[in-house]
Each structure stands twice: as structure tokens, then as C-alpha cells.
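The values are calculated or read from the model by the stated rules, or taken from the named source; none is laboratory data. It should be emphasised that the depicted structure is a prediction, and the values quoted were computed from it without experimental measurement. Positions of Cβ are backbone-derived with ideal geometry, glycine not excepted, and every protein chain shown enters the neighbour counts.
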Amino acid sequence: MRTLSNRIDRAFDALRRQKRKALIAYLTGGFPTLAATDRAARNLAAAGVDLLEIGVPFSDPIADGPTLQYSAHKALENGTTLARLLEWAGRFRRRSSIPLVFMTYMNPVHRFGVARFAAAARRAGVDGVIVPDLPLEEAAVLEKPLAAAGLALIHLVAPTTPPARRARIAARTRGFLYAVSLTGVTGARAALPRDLEAFVRDVKRRSPAPVAVGFGISTPAAAARVARVADGVIVGSALVQRLRDRRPLLPFVRSLRRALDGAPSSFYRGGPHGR
């Protein structure tokens, strides 16, 4: 049996044994300030979030809807950079053991330097990286240095991804597979697609790694629906919008946690890295 060397793997393994689903929270790093990100991250970890996803602000976030675009713009105005977020992650890691994933576009990584980024992320205690604009055919440029550093490169599949390609992506992902619930960009939705369950079940059949679903999940009811078929639920825009509106995060997060814990469901059967 392989060692569960990555905090993401260990978290999903523990949740599987507990028959619980992962609650993954997204925050735009540096929005509204880096100090606010730090407070929110610590509070979310204490409120029942299992993994934290920190968005690296970028000037052209093609996968993001209006809420996350606004937050990225403000974070950049505040001087937030990939380097500053890595420094923050190192400080945060000294106080928390929660798995930490960076979501970034490839441009900031190229500017920083791919090998330098992998080494710095490892030192900072980052556990995984999501790059929505990095196609599978070009992923080796980041996959190899991250793997050498012990970090997971988490791939994405969408409802429009052909079945054979879903299988190829699932075979390459590490940590978990990010299933995009709908076509289009991020953002809270009034309703999720009617065929969501069929899509997630198909992805799970093809994936040896846990499957977490994101995009459009903004209510406890939506989170519970997703948790019935997925291994994890990712909530982002709804949290960032609350920060923008200066509304408290914790009551909402606790309601999501209760919704996930009350959802009857099935579980993935994979091991570390789905192997």
C-alpha cells in the first residue's frame, strides 16, 4: 500500500473512512486584503472546511464570472502577487494543517518560473495546484516539477468534455478530479443542470481519484444535491460575494457543512492519487 504522502490524499482518505464528503472553500487571495484572506482562511478551517482553495489573481481570468473577476481586479489593485501569496501560505502553514490548493492561470506561473514555482510552493506548504487554462496536452511542463516536489496537479473535466478525454484526464489528475458542474464561467446559479447527476456518475466511473464538483454551488440545498453523487463540493463565488458584501461567512459555511453531512451518498474507492 502506498504512503499517503500528500495532505489532500490524507484528507480524502480520512473522509472516506468517516463516510463524509469534502467541503472545499475558494477564496481569492488578497481580496479584499491579504489580512482578510488570512482571517477568512483560519475561520473557514475552524468551521468545518476540509480543503482550502486560494485563487491567484490574474488580469484575464477567462474561467471566472463577474464576482471572481471583480475580486481578482481588487486583489491586483492591492498589490497581491503570486510571490506574496506564497509568502502568506508559508505563514499560514505554520498555524494550520488543512490541505491548501492554489488555483492559478498559467501566465503568473510562467512569469514566476515553473521550476521556481514548484519549489516555492513546496516550501510554503501548498499541496496542490489547479490551472484552468492548461490543456492536458501541455500539462507535462508543470506536472513533472510539481510531482517531483510532491504537489498534486489537479485537472478539470466539464460536461462538454468527450467521454474518452474524460478518462485520459482522470488518469492524469492527482489529489482529486475537479468536475465543472456546468458550461460557462464561475458564479452562483439559481439552479444546477438537471443532468448533473448523470454527468458526475459518468466522471466517477472513469476516475480512480476522488471527484469534487464546483461552479454554481451557492446554497446548502445545491451542496447537498452535489454531495449525493460527488466526493467533494467546491464553493467559491458565494463566499467571495459575502466578503464583498461584508456579510459573515461562518453561518453560511456551517449550513453547507450540515448539508453535506446529512446527504446520503456513495464514495470513491481509490487510494492515494487514485492508484
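When the range 28-37 is filtered for residues that are surrounded by fewer than 23 Cβ atoms within 10 Å (Cβ to Cβ) and out of contact with any Phe, Trp or Tyr (no Cβ under 8 Å at 6 or more places or on another chain), the ones remaining, listed by number, are PRO32, THR33, ALA35, ALA36.
Taking the range 38-66 as the range and being assigned to a helix (DSSP H, G or I) and either among the hydrophobic types (A, V, I, L, M, F, W, C) or crowded, with 22+ Cβ neighbours inside 10 Å (or both) as the test, the residues that pass are ALA40, ALA41, LEU44, ALA45, ALA46.
Before we move on, is GLY125 in contact with an Asp or Glu (Cβ under 9 Å, 6 or more places away or on another chain) and at pLDDT 95 or above? Judged against the criteria, GLY125 is not a match.
Here ALA149 meets the list (1) among the small types (Gly, Ala, Ser); (2) surrounded by fewer than 18 Cβ atoms within 10 Å (Cβ to Cβ); (3) touching a residue at least 60 places away in the same chain (Cβ under 8 Å) almost entirely, failing just condition (3).
Which count do you get for residues in the range 10-25 that are buried (at least 23 other Cβ atoms within 10 Å of the Cβ) and touching a Ser or Thr at 6+ places or on another chain (Cβ under 9 Å)?
1
Every residue in the range 19-37 that is among the aromatic types (Phe, Trp, Tyr) and either out of contact with any Asp or Glu (no Cβ under 6 Å at 6 or more places or on another chain) or part of a helix (DSSP H, G or I) (or both), please. Selection gives PHE31 alone.
The sole residue among LEU86, LEU153, LEU134 that is of a type in the set (A, V, I, L, M, F, W, C), at pLDDT 95 or above and in a helix (DSSP H, G or I) is LEU86. For the range 227-238, the set of residues classified as closer than 16 Å to GLY48 by Cβ, crowded, with 24+ Cβ neighbours inside 10 Å and of a type in the set (A, V, I, L, M, F, W, C) consists of ALA227, VAL233, ILE234, VAL235, listed by residue number. Answer yes if at least one residue in the range 21-35 is out of contact with any strand residue (DSSP E or B) (no Cβ under 9 Å at 6 or more places or on another chain), at negative phi, among the basic types (Lys, Arg) and modelled with pLDDT of 95 or more, and no otherwise. Checked against the condition, which is being out of contact with any strand residue (DSSP E or B) (no Cβ under 9 Å at 6 or more places or on another chain), at negative phi, among the basic types (Lys, Arg) and modelled with pLDDT of 95 or more, the range 21-35 yields no hits at all.
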